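As structure tokens, the structure follows; a few thoughts come after it.
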Amino acid sequence: LVKKHRNKCLFVFTYNIDNPGFAYDILSQVQDFVITMPLKEGTGDRKTAIKYLQSLIKDSQYAEYANQAEEFMEQYVSDKFTQTDVLMAFEKFEPWCVNKNIMKAYDNVFSKEFMLDRDENALSAYDRLQKLVGLEHVKCRIDDIIKAHSIEVVRKKLLGNNYQAGTMHMIMSGNPGTGKTEVARLLAGIAKEKDILKSGAFVATSGPALNGGDIKDEVPNAFKAATDGVLFIDEAYAMLPSTATILIQELEEHRDDVIVILAGYEESMKGFLDLNDGIKSRIPHWIEFPDYTLEELVDIFKMMADSRRFSYDDAVINEVRSVLDKERFIENFGNARAVRNLLDDVIKKQSVRLAEQKDDSDDIDKTKLWTITVEDITTLDEYKAQKKSDKTAREQLEELIGQEKVKEVIYKAIANIKMKKEKLDRGIRVDNASYHMVFTGNPGVAKTTIARLLAEILKDENVLPTGNFVEAGRADLVAAVVGATAPKVKQRFKEARGGVLFIDEAYALCDSHNNSFGDEAIATIVQEMENHREDTIVVFAGYTEQMKDFLDRNPGMASRIAFNIEFDDYTTDELCDITRIILSNRDMNITDEAMDKLRDNYEVARKSNDYGNGRYVRKMLEEAEMNISSRLFKEPARITDELLTTIEVDDIPEIDFNKMNRSATVGFSTI
């Protein structure tokens, strides 16, 4: 509305500075469209406040009691009053005046003792924290911090200003939806219950919001609103240096009456603190919030569905578990937020299903309104919606030309991985639960293709959650500056999580000297292989001899490799079969004479080193197609569909057999 009417209307936004609510968020967005003019309320002394109150009373039905304004104002201890303070006092004057002059039933003393913290039958903030799903490490850390600071409070009471107690300021790091805001809110309540804070107020804002407007006022106002409570600053790493400077001042001034919690992604928060030593030195506690496990996510779904009075059976929960097991490995997965979104989508799908079954909503069976079925879950699985080949990944692997020994080992490896998974699920100890592999062999022997199919097979057979397939080389893993290599490696693991990370020419990570960026990449890979041993498979690929050197480079690498698979070069017959498949896929034909010439070329090429196998076949056919175009377009009038799609013997490149036998380099004599 502001954006639409900004040039036609004057907008006035008001809010109570002691209880801003959504004001910070709304006003920061409004400033994107308009120029704001802050009008701050001034203050007056007690004499001015009493005079103003008297004028208000004289205009009311209690005008005869206006001379009691000074007595009434004795209930307020402050010497400074805003207009709002006086107006709020005037609202209370009526019951005070009636009781004093007419009813005379109670003492005229203000008291907030009637303001109970909560229903005596309700759970305390501490008990609510303990009932949260998962977060056991977080709960223990909160316990320790509260206990330690409770003793600090006792010391402060005994020594007064002669003792400077430590602060409870903290950082909460973790991915979205891991419960940071909820835990911070409960911490405010716990601190009040333990007499660490007086009000237990909880004020939530963000780094971008504090950057908006006049930062000289935004940060102090946030602290004022959170007095005797908790100030929660999400996306704290987004604060500008000028904002951070003011935050440092406020952290020091309010060390005893405000608990500040800075929240955000772990890596972003580390970078933010590295640039702000002043903040770093004033934040004594850091609590990391882990992603929820699969079973915890399922429990959260049940809890949310129960709270909304929906019923479900085991089949529904099994389907939910299957969906979440895939989605939790997607980048920027929202944890509990993602579960909430999933439930919202499920309920929406259920509503559509019920509406389509009945013409009149009044005719719907009321019990069905609150029942979720498997039908409401399945369409949410994006993996089932993706277009797939008519053949399974296992069938595609089986139909690949050659590599029969490799297929046999792959099938055994898959069975072994499934067995280890089954043992782990049953609680049976497994000596080595690592599934990482090494593929060795010359170029063009289908290492990449088989690794991709391996990821699909393991997903199809519920061994890996997503079947993601990520290819990486040295350029994707090694940075050119100090400190940037490890994040690059971790990013690739993040992308491949739930599937296969394929590192081709892995030996390229080995630099000529030790302790290089390449060694840093290898060390990080080893660490991440261990961290993700149950949800990600790493496949290293390259020449046989060079891969031996690579595995020896880091002492922890070889012990984490479960399977070493050697790929043989293709035979001449297999190369011919590959040729026919490629031509069929391109709607091309080849004469018998041309095929015989190709066979002769393959026989000779196979005797050279590193001739390329399947890649060599593709190069030969690409060269043949170029020769077709050169031949046909000399006489374009004679071109027919058959001529365009047929490889003749003269289109097959002539190769230098002597040169081919001498060198590993593939070369054509006619281009």
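Here are some conditions: (1) surrounded by 18 or more Cβ atoms within 10 Å (Cβ to Cβ); (2) among the charged types (D, E, K, R); (3) at pLDDT 85 or above. E399 meets all but one. Which one does it not meet?
(1)
Looking at region 246-287 only, could you name the residues that are closer than 25 Å to K192 by Cβ and in a strand (DSSP E or B)?
To start, the set of residues in region 246-287 that are closer than 25 Å to K192 by Cβ comprises 247, 250-263, 282-287.
Correct list: V258, I259, V260, I261, L262, A263, H285, W286, I287.
Can you tell me which of A521, A475 is without any contact (Cβ under 8 Å) to a residue 12 or more places away in the chain, among the aliphatic types (A, V, I, L, M) and part of a helix (DSSP H, G or I)?
Only one candidate passes the filter, namely A475.
Taking the condition open to solvent by less than 10 Å² (accessible area, probe 1.4 Å) and at negative phi, does L231 pass?
Judged against the criteria, L231 is a match.
Just the residues that are touching a strand residue (DSSP E or B) at 6+ places or on another chain (Cβ under 7 Å) and at pLDDT below 85, please, taken from region 195-223.
Of everything in region 195-223, those that are touching a strand residue (DSSP E or B) at 6+ places or on another chain (Cβ under 7 Å) and at pLDDT below 85 turn out to be L197, S199, G200.
Out of V316, V260, which single residue is within 30 Å of A225 (Cβ to Cβ) and of a type in the set (V, I, T)? Quick ask: steps written out before the conclusion?
Details: V316 fails: within 30 Å of A225 (Cβ to Cβ).
Exactly one of V316, V260 is within 30 Å of A225 (Cβ to Cβ) and of a type in the set (V, I, T), namely V260.
What number of residues within region 311-346 are hydroxyl-bearing (S, T, Y) and within 22 Å of the chain's Cα centre (by Cα)?
Filtering region 311-346 down to residues hydroxyl-bearing (S, T, Y) leaves 311-312, 322.
Checking which are within 22 Å of the chain's Cα centre (by Cα) leaves us with 322.
Of the residues in that region, 1 qualify.
Just a yes or no: is a residue in region 449-470 in contact with an Asp or Glu (Cβ under 9 Å, 6 or more places away or on another chain), surrounded by fewer than 21 Cβ atoms within 10 Å (Cβ to Cβ) and among the aromatic types (F, W, Y)?
yes
Can you tell me which of (1) touching a strand residue (DSSP E or B) at 6+ places or on another chain (Cβ under 9 Å); (2) open to solvent by less than 50 Å² (accessible area, probe 1.4 Å); (3) of a type outside the set (F, W, Y); (4) modelled with pLDDT of 90 or more is the one L129 doesn't meet?
If we test L129 against (1) touching a strand residue (DSSP E or B) at 6+ places or on another chain (Cβ under 9 Å); (2) open to solvent by less than 50 Å² (accessible area, probe 1.4 Å); (3) of a type outside the set (F, W, Y); (4) modelled with pLDDT of 90 or more, just (1) comes out false.
Quick test of your reading of the structure: G444 fulfils all but one of (1) under 25 Å from the mean Cα position of the chain (by Cα); (2) crowded, with 19+ Cβ neighbours inside 10 Å. Name the failing condition by number.
Here G444 meets the rest and fails (1).
Only residues that are outside any helix (DSSP H, G or I) and either among the aliphatic types (A, V, I, L, M) or within 28 Å of L644 (Cβ to Cβ) (or both): list them for region 560-612, please. Give the derivation first.
To start, the set of residues in region 560-612 that are outside any helix (DSSP H, G or I) comprises 561-571, 586-591, 606-612.
Of everything in region 560-612, those that are outside any helix (DSSP H, G or I) and either among the aliphatic types (A, V, I, L, M) or within 28 Å of L644 (Cβ to Cβ) (or both) turn out to be I561, A562, I565, R586, D587, M588, N589, I590, T591, G612.
Could you check how many residues of region 197-219 are open to solvent by 30 Å² or more (accessible area, probe 1.4 Å), closer than 20 Å to T167 by Cβ and touching a helix residue (DSSP H, G or I) at 6+ places or on another chain (Cβ under 6 Å)?
Summing the residues that are open to solvent by 30 Å² or more (accessible area, probe 1.4 Å), closer than 20 Å to T167 by Cβ and touching a helix residue (DSSP H, G or I) at 6+ places or on another chain (Cβ under 6 Å) in region 197-219 gives 1.
Name the residues in region 643-658 that are modelled with pLDDT of 80 or more, open to solvent by 80 Å² or more (accessible area, probe 1.4 Å) and in a helix (DSSP H, G or I), would you?
Going through region 643-658, the residues modelled with pLDDT of 80 or more turn out to be 643-654.
If we keep only those that are open to solvent by 80 Å² or more (accessible area, probe 1.4 Å) too, we end up with 650, 654.
The one that is modelled with pLDDT of 80 or more, open to solvent by 80 Å² or more (accessible area, probe 1.4 Å) and in a helix (DSSP H, G or I): D650.
Just checking, how many residues over region 612-642 are open to solvent by 30 Å² or more (accessible area, probe 1.4 Å) and closer than 18 Å to D573 by Cα?
Residues flagged as open to solvent by 30 Å² or more (accessible area, probe 1.4 Å) and closer than 18 Å to D573 by Cα within region 612-642 amount to 3.
Listed here are the residues, each with its yes/no results for (1) closer than 25 Å to G177 by Cα; (2) of a type in the set (S, T, Y); (3) out of contact with any Pro (no Cβ under 6 Å at 6 or more places or on another chain).
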position	(1), (2), (3)
L231	yes, no, yes
A238	yes, no, no
L251	no, no, yes
D256	no, no, yes
Y265	yes, yes, yes
E288	yes, no, yes
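Of (1) assigned to a helix (DSSP H, G or I); (2) more than 30 Å from I246 (Cβ to Cβ), I330 satisfies all except one. Which?
Answer for I330: the failing condition is (1).
(1) open to solvent by less than 70 Å² (accessible area, probe 1.4 Å); (2) part of a helix (DSSP H, G or I); (3) at pLDDT below 90; (4) of a type in the set (A, V, I, L, M, F, W, C): which one isn't true of F90, the others all being true?
Tallying (1) open to solvent by less than 70 Å² (accessible area, probe 1.4 Å); (2) part of a helix (DSSP H, G or I); (3) at pLDDT below 90; (4) of a type in the set (A, V, I, L, M, F, W, C), F90 fails exactly one: (3).
Output yes when any residue across region 601-611 is in contact with a Pro (Cβ under 7 Å, 6 or more places away or on another chain) and open to solvent by 10 Å² or more (accessible area, probe 1.4 Å), and no when none is. Please lay out each step first, then the result.
Going through region 601-611, the residues in contact with a Pro (Cβ under 7 Å, 6 or more places away or on another chain) turn out to be 610.
Subset that is open to solvent by 10 Å² or more (accessible area, probe 1.4 Å): 610.
Yes, region 601-611 contains a residue that is in contact with a Pro (Cβ under 7 Å, 6 or more places away or on another chain) and open to solvent by 10 Å² or more (accessible area, probe 1.4 Å).
Suppose the filter is at negative phi, in contact with a Gly (Cβ under 9 Å, 6 or more places away or on another chain) and at pLDDT below 85; does L458 pass it? It would help to see each step written out before you state the result.
Values: at negative phi: yes; in contact with a Gly (Cβ under 9 Å, 6 or more places away or on another chain): yes; at pLDDT below 85: no.
Considered against the rule, which asks whether it is at negative phi, in contact with a Gly (Cβ under 9 Å, 6 or more places away or on another chain) and at pLDDT below 85, L458 comes out as no.
Restricting attention to region 156-168, does a residue exist that is under 29 Å from the mean Cα position of the chain (by Cα) and open to solvent by 10 Å² or more (accessible area, probe 1.4 Å)?
Start the filter on region 156-168 by keeping residues that are under 29 Å from the mean Cα position of the chain (by Cα), which leaves 168.
From the residues that got through so far, the ones that are open to solvent by 10 Å² or more (accessible area, probe 1.4 Å) too are none.
So far as region 156-168 goes, no, none of its residues is under 29 Å from the mean Cα position of the chain (by Cα) and open to solvent by 10 Å² or more (accessible area, probe 1.4 Å).
How about region 471-483: which of its residues are within 15 Å of T448 (Cβ to Cβ) and open to solvent by less than 30 Å² (accessible area, probe 1.4 Å)? Before the answer, list the steps.
Filtering region 471-483 down to residues within 15 Å of T448 (Cβ to Cβ) leaves 471-473, 476.
Of everything in region 471-483, those that are within 15 Å of T448 (Cβ to Cβ) and open to solvent by less than 30 Å² (accessible area, probe 1.4 Å) turn out to be A472, G473.
For residues in region 484-497 being within 16 Å of G518 (Cβ to Cβ) and open to solvent by less than 50 Å² (accessible area, probe 1.4 Å), which is modelled with the lowest pLDDT?
Within region 484-497, the match that is modelled with the lowest pLDDT is A484.
Does region 47-79 hold any residues that are more than 13 Å from F93 (Cβ to Cβ) and open to solvent by less than 60 Å² (accessible area, probe 1.4 Å), and which are they?
Selection gives S78 alone.
Looking at (1) touching a residue at least 12 places away in the same chain (Cβ under 8 Å); (2) open to solvent by 30 Å² or more (accessible area, probe 1.4 Å); (3) more than 30 Å from M595 (Cα to Cα); (4) among the polar types (S, T, N, Q), find the lone condition where Q527 falls short.
Here Q527 meets the rest and fails (1).
The values are calculated or read from the model by the stated rules, or taken from the named source; none is laboratory data. Predicted model, so just to flag it, every value in this text is computed and none were measured. Every residue, glycine as well, gets a Cβ built from its backbone with ideal geometry; the counts of neighbours run over all protein chains shown. Accessible surface is based on the protein model in full, side chains and every heavy atom, while ligands, DNA and RNA are left aside. Shrake-Rupley method; radii C 1.70, N 1.55, O 1.52, S 1.80 Å.
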